[in-house]
1. Looking only at region 11-28, which residues are of a type in the set (Ser, Thr, Tyr) and free of Cβ contacts under 8 Å to residues at least 12 places away in the same chain?
2. Enumerate the pairs (first residue in region 29-49 and under 16 Å from Met4 (Cβ atoms); second residue anywhere and in a loop (DSSP other than H, G, I, E, B) and not hydrophobic (A, V, I, L, M, F, W, C)) with beta-carbon separation below 8 Å, excluding pairs fewer than 6 apart on the same chain, so at least 6 apart or on different chains.
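Where a number appears in this text, it was derived from the coordinates with a stated rule and is not lab data. Only a predicted model underlies this, so the values are computations on that prediction, with no experimental measurement involved. Glycine also receives a Cβ, built like all others from the backbone with ideal geometry; neighbour counts cover every protein chain displayed.
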Amino acid sequence: MQQMHLKQKDLVPYIGNKSKVSEVLNRKINLSLSMITNLAAALHLPLETLIQLPNKPVAR
């Protein structure tokens, strides 16, 4: 957000509403698939930037 000079209100069209944006930024909720695709398309970001895969233990 800082690099693109975005404010919280700038994310509303891609995430939903002001309170939802706040919850995402405060890590209370995760981005949904639709939020991820909206943000990636609008901000020209690779999907991998917005997707965080869960850590899996290494199989032995």
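1. Taking region 11-28 and keeping what is of a type in the set (Ser, Thr, Tyr), we get 14, 19, 22.
Within region 11-28, just Ser19 meets the criteria.
2. Qualifying pairs under 8 Å: Ala40/Pro46.
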